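Quick notes on the structure that follows.
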Amino acid sequence: MTLDPVAILTAFGLIFLAELPDKTMFASLAMGTRMRPLYVWFGTSTAFIVHVAIAVSAGSLLGLLPNMAVKLVSAALFAFGAFVLLRSGDDDGEDADSKIVTGFWPVYTTAFTAVFISEWGDLTQITTANLAASNGWLPTAIGSAAALMSVSALALVAGQFIAKKVPLKTVQRVGAVCMAGLALWTLVEAFTG
C-alpha cells in the first residue's frame, strides 16, 4: 500500500468539511466549556480513530466489488451526503449535561462515549468507507483521522470564534457543494474509466 498524498489530502478535505457542521463538533465545544479541553480531545480523538478503523475496514470490503459498482454506489452516497448537508443545519448545539466533570478518566470516558455513540452511521463514517474503497485504506485512514481530530481540536480551541463569525449554513453549503462535485466526478469516472 502506497501513501498517496493526493488520497490523504482528499480524505482530509472532505472529512474536515463534512465534520465542521456536525453535531460532534458542537458536542466537543460544549464539553470543552465544562471539562479540560485536552482531556476532551484525547477522548474524542480515540473515538474517531476507532470509527475510522471500522469505516476503512468496510471500505476495503467494498473495494473487492467490481469497480463500476463501487463507483456508482460511491457517487450515490456522495450525492446523499450533499443532500444531507443541504437539508440539515438547524441544530444550534447539543444537549449537554450541566455537571462539571474533572479528572482525566471521567473526562476522557465522557468524551469518548459521546462521540463513539453519536458517530455510528454518520456522514463522515460513510464517506470514509467510500474513500477507502476507491483510494486505499491507509491514506484514507490517515487523512480521515487527521481531519476528525483537527475538527475536534478546532472546536475546543476556536469553536466560539467560528460560531460567532461564520454562519453554520455557509459551512454546510460549502461542504454540500464539495460532496455534490465529488459525486459528479465519481460518476464521470465510472462511465469513462
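Listing for the model above:
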quantity: Residues of the stretch 9-62 satisfying the condition of being outside any helix (DSSP H, G or I) and open to solvent by 30 Å² or more (accessible area, probe 1.4 Å); calculated: Arg36
quantity: Among (1) at pLDDT 75 or above; (2) surrounded by 16 or more Cβ atoms within 10 Å (Cβ to Cβ); (3) under 20 Å from Thr44 (Cα atoms) - the single one Val101 does not satisfy; calculated: (1)
quantity: Leu123 being more than 24 Å from Tyr39 (Cβ to Cβ) and modelled with pLDDT under 90; calculated: yes
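Rundown of residues vs (1) surrounded by fewer than 24 Cβ atoms within 10 Å (Cβ to Cβ); (2) touching a residue at least 60 places away in the same chain (Cβ under 8 Å), yes/no style:
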site: Thr110; (1), (2): yes, yes
site: Ala114; (1), (2): yes, yes
site: Ile117; (1), (2): yes, no
site: Gln125; (1), (2): yes, yes
site: Ala133; (1), (2): no, yes
site: Ala146; (1), (2): yes, yes
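The values are calculated or read from the model by the stated rules, or taken from the named source; none is laboratory data. Since the model is a prediction, treat every value here as computed from it, not as a measurement. Positions of Cβ are generated from backbone atoms using ideal geometry, with glycine treated the same way; all protein chains shown enter the neighbour counts. Surface accessibility is based on the protein's heavy atoms, side chains included, excluding ligands, DNA and RNA. Shrake-Rupley method; radii C 1.70, N 1.55, O 1.52, S 1.80 Å.
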